[in-house]
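Encoded as structure tokens, the structure appears first; notes follow it.
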Amino acid sequence: MDFNTFENMIHNHNPQEGVIARFYDKAVKTGEISPDGLPIFKNRCFVEIRIKDNNCEIFDQPATEEKIKRFPIEYARYQLAKKQVEEGTPLEQFAFLTAAEIESLKVHGIYTVETLAKMEAEKVAKLGLSQEQNLAKKFILQAKDNKIISDWQKKEDDYLSQIAALRKQIEKLKNISFSKQVRRKS
């Protein structure tokens, strides 16, 4: 699902009065033990349901088909967030945004720096995100430069490892050759 589809769903959504849901991943013990004796965890989709004007009651439970059908927009938001984060840099790692700005962007279906940088100018203006988008574009350009440096460093490290291995082989060959010469003389 892309940003435009998400935006259309939100505008055509009639939320349940006074009920708010949020889908998220939660680490849950599987009951299995790893070979080193530690518990094994897996991610499981959970839903947190809050009732307006009742801060005491929060229903936090594994997401079921019934909950997904009951809160399709919220589930779509969860799916969009997972997809974007797999393909990009989460907004939380973008130092130029406050926590409030990050949450505001998420409400609009924007979860990664790359999505923010690629947004159409009209939507950016509508949401008042011109400065944030410019920072996101600069961040991505800087990251590209860092990748080039990182790739070069990896190649350099590989070359240094190869050189070290070749030096060891040369030493072994020298030792073998020296041993043969000593045996001949004996």
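The values are calculated or read from the model by the stated rules, or taken from the named source; none is laboratory data. Model, not experiment: these values are computed from the prediction. For neighbour counting, all protein chains shown are included, and Cβ atoms are generated from backbone atoms with ideal geometry for every residue, glycine included.
Residues are listed down the side, and each one gets a yes or a no for (1) at pLDDT below 85; (2) farther than 30 Å from Arg50 by Cα; (3) surrounded by 17 or more Cβ atoms within 10 Å (Cβ to Cβ):
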site	(1), (2), (3)
Lys69	no, no, no
Glu74	no, no, yes
Val85	yes, no, no
Glu92	yes, no, no
Leu105	yes, no, yes
Ala117	no, yes, yes
Gln181	yes, yes, no
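Which one of the conditions (1) surrounded by 11 or more Cβ atoms within 10 Å (Cβ to Cβ); (2) over 29 Å from Val19 (Cβ atoms); (3) of a type outside the set (A, V, I, L, M, F, W, C); (4) at pLDDT 85 or above does Glu122 fail to meet, given that it meets all the rest?
Among (1) surrounded by 11 or more Cβ atoms within 10 Å (Cβ to Cβ); (2) over 29 Å from Val19 (Cβ atoms); (3) of a type outside the set (A, V, I, L, M, F, W, C); (4) at pLDDT 85 or above, Glu122 violates only (1).
Which condition number does Ser130 fail, the rest of (1) touching a residue at least 40 places away in the same chain (Cβ under 8 Å); (2) outside the structural domain of Phe23 (by TED's automatic domain parsing) being met?
(1)
I'm told Asp36 meets every condition in (1) in contact with an Asp or Glu (Cβ under 7 Å, 6 or more places away or on another chain); (2) of a type in the set (Asp, Glu); (3) assigned to a loop (DSSP other than H, G, I, E, B) except one. Can you identify the failing condition by its number?
(1)
Any residue at all in the range 142-164 that's under 23 Å from the mean Cα position of the chain (by Cα), within 19 Å of Pro90 (Cβ to Cβ), part of a helix (DSSP H, G or I) and modelled with pLDDT of 75 or more?
Yes, the conditions are met somewhere in the range 142-164.
Suppose the filter is of a type outside the set (D, E, K, R), out of contact with any strand residue (DSSP E or B) (no Cβ under 8 Å at 6 or more places or on another chain) and assigned by TED's automatic domain parsing to the domain that holds Ile20; does Ile110 pass it?
So Ile110 fails the test.
Considering every residue within the range 56-66, establish whether at least one is at pLDDT 85 or above and in a helix (DSSP H, G or I).
Checking the range 56-66: at least one residue is at pLDDT 85 or above and in a helix (DSSP H, G or I).
Since Gly31 meets every condition but one in (1) modelled with pLDDT of 80 or more; (2) of a type in the set (Gly, Ala, Ser); (3) in the same structural domain as Glu132 (by TED's automatic domain parsing), which condition does it not meet?
(3)
Quick check: is even one residue across the range 10-25 in contact with a Gly (Cβ under 7 Å, 6 or more places away or on another chain), of a type in the set (D, E, K, R) and modelled with pLDDT of 80 or more?
No, every residue in the range 10-25 fails to be in contact with a Gly (Cβ under 7 Å, 6 or more places away or on another chain), of a type in the set (D, E, K, R) and modelled with pLDDT of 80 or more.
Modelled with pLDDT under 85, of a type in the set (A, V, I, L, M, F, W, C) and within 30 Å of Lys137 (Cβ to Cβ), is that true of Ala81?
When the stated conditions are applied, Ala81 passes them.
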